[in-house]
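Bear in mind that the values in this text are calculations on the coordinates, not laboratory data. What you are looking at is a predicted structure, and each value in this text was computed from that prediction instead of being measured. Don't worry about glycine lacking a Cβ; one is built from the backbone with ideal geometry, like all the others, and counts go over all protein chains shown.
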Amino acid sequence: MLQRRLENRLGELLEKSTPRQYAYGFYWYREANKVAELFSMEFQLPINKVIGVMAALSPNNKWERNIIDTRLFLESPSLETKVCTFKGQRLKALKILLAHDSTEIESILHGRKTISFFNNILNYQSNRVVTVDLWMFRIAELPTSKANYEMISKAVKNVAVKNNLLPHQLQAIVWSVVRPNK
């Protein structure tokens, strides 16, 4: 019952999206990948490390600020670098710069949300995971929990398949509908 209600809500938000909101969400992860690619070239780092740093610095951070913080951190990687996130996230970002591969980066990121965020940006053309952040819990009108995370993820995947979208595209589209100032 709750699963069906959530799928209906996601479908309604998708239908409610304006062409601008739809395009914004549809291409959001591709555009995030382009930002990472530019940083990768500028700082001569593998793109998976750049995206790993982005993901590490993302908790409780707006995307626009996350881009600024990623640049600042890549310019001067240190626990003392002034960015808008927790010291533990800066420590993760430092470890990511020393990582050997994406599997190690995921291990350092550790959290489901940040690992999904990392993979959705890195593999935006084919990834099938859902970034379930606080906005997705708000959309679902559910408290944060592992069970609710799984339910939201499943609902997003089901609605995405019905609408010929990748799950992260649907997530970003509905996020653009409910998020203020977008």
*Could you list all residues from the range 55-76 that are outside any loop (DSSP other than H, G, I, E, B), out of contact with any Phe, Trp or Tyr (no Cβ under 8 Å at 6 or more places or on another chain), closer than 24 Å to Ile173 by Cα and not basic (Lys, Arg)?*
Ala56, Trp63, Glu64, Asn66, Ile67, Ile68
_Restricting to the range 133-182, name every residue that is touching a residue at least 24 places away in the same chain (Cβ under 8 Å) and β-branched (Val, Ile, Thr)._
Ile139, Ile152, Val156, Val159, Ile173, Val174, Val177, Val178
*Say whether the condition of being assigned to a helix (DSSP H, G or I), more than 17 Å from the chain's Cα centre (by Cα), among the small types (Gly, Ala, Ser) and exposed (fewer than 14 other Cβ atoms within 10 Å of the Cβ) is met by at least one residue in the range 77-93.*
yes
*Just need a number here: residues in the range 138-152 that are surrounded by fewer than 20 Cβ atoms within 10 Å (Cβ to Cβ) and within 15 Å of Ile173 (Cα to Cα).*
1
*Just to be sure, is Glu7 within 30 Å of Asn164 (Cα to Cα), of a type in the set (Asp, Glu) and either touching a residue at least 40 places away in the same chain (Cβ under 8 Å) or not in a helix (DSSP H, G or I) (or both)?*
yes
